[in-house]
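Each reported figure results from applying straightforward, stated rules to the coordinates on display, with no laboratory input. Bear in mind the structure is a predicted one, so any value in this text is a computation, not a measurement. Note that we place each Cβ from the backbone using ideal geometry, even for glycine, and neighbour counts take in every protein chain shown.
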Amino acid sequence: MIRSFVALDLPDTVRSALAVQQFLLPLPRAVPVENLHLTLVFLGELPDALLEATHEAFCALRLPGVALELSGLGLFGGDRPTSVHAAAVACDPLLRVQRKIATAARRAGVDLPARRFVPHVTLGRFRPPPPEDRMRLERAVAMQGGFRSGPVPVTEFVLYRSTLTRQGSRYDDLARYPMASGG
Ligand code: 2AM
């Protein structure tokens, strides 16, 4: 079984801008800058043959590139937040690309949960902090709410393998799929 997901790799300019945001936030643990990505579809644990079939389906896709734009920061987890993220603008081209990749995975036989796609880049994951730390984090997220990056063109999507280790997740790219530039 291979744990994998499909994501957009981030251009260096975006990565650097996000590293600055991570530095400015009181994060218990930041996602390493080289691991930052925007997940389109989390495939989960798949048997090798199914992953291969899914890869073939992705190879057959002809998708336009997208203009990636980040706007604002947010917390996931409500009263007990467990992550901080930079939100991506949910523009139609990005939503369409995500939908087509999810459909291709489903047609190849992947059982994907029906979940609304909320495009984001996770900057830090943590256990729900005690109230004082939570308020500090919420204040910092609010203060940096004006964060913007892009739009920048992204012309490929990536199939990543995710390996859970004691030190955190390790991501290795298994395949890269070009999207037409100019999107
Ligand atoms: P996240 O950034 O919001 O945590 C690799 O784990 C990537 O897949 C992450 O970007 C993660 O999103 C995303 N993902 C989506 N659903 C997941 C799940 N059920 N388990 C782990 N990761 C998931």
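Take the residues in the range 113-124 that are out of contact with any Pro (no Cβ under 9 Å at 6 or more places or on another chain) and under 18 Å from residue 168 (Cβ atoms); name whichever of them is surrounded by the most Cβ atoms within 10 Å (Cβ to Cβ).
121
Being touching a Pro at 6+ places or on another chain (Cβ under 7 Å) and away from the ligand (no atom under 13 Å from the Cβ) narrows it down to one of 68, 75, 50, so name that one.
Of the residues listed, the single one that is touching a Pro at 6+ places or on another chain (Cβ under 7 Å) and away from the ligand (no atom under 13 Å from the Cβ) is 68.
When only residues in the range 125-160 that are buried (at least 16 other Cβ atoms within 10 Å of the Cβ) and of a type in the set (D, E, K, R) count, which is nearest to the chain's Cα centre (by Cα)?
Checked the range 125-160; the qualifying residue nearest to the chain's Cα centre (by Cα) is 125.
Can you pull out the residues in the range 98-132 that are assigned to a loop (DSSP other than H, G, I, E, B), of a type outside the set (Lys, Arg), free of Cβ contacts under 8 Å to residues at least 40 places away in the same chain and under 28 Å from residue 60 (Cβ atoms)?
Listed by number, the residues that qualify are 111, 113, 114, 118.
Out of all the residues in the range 92-107, is one or more exposed (fewer than 12 other Cβ atoms within 10 Å of the Cβ) and under 17 Å from residue 67 (Cα atoms)?
yes
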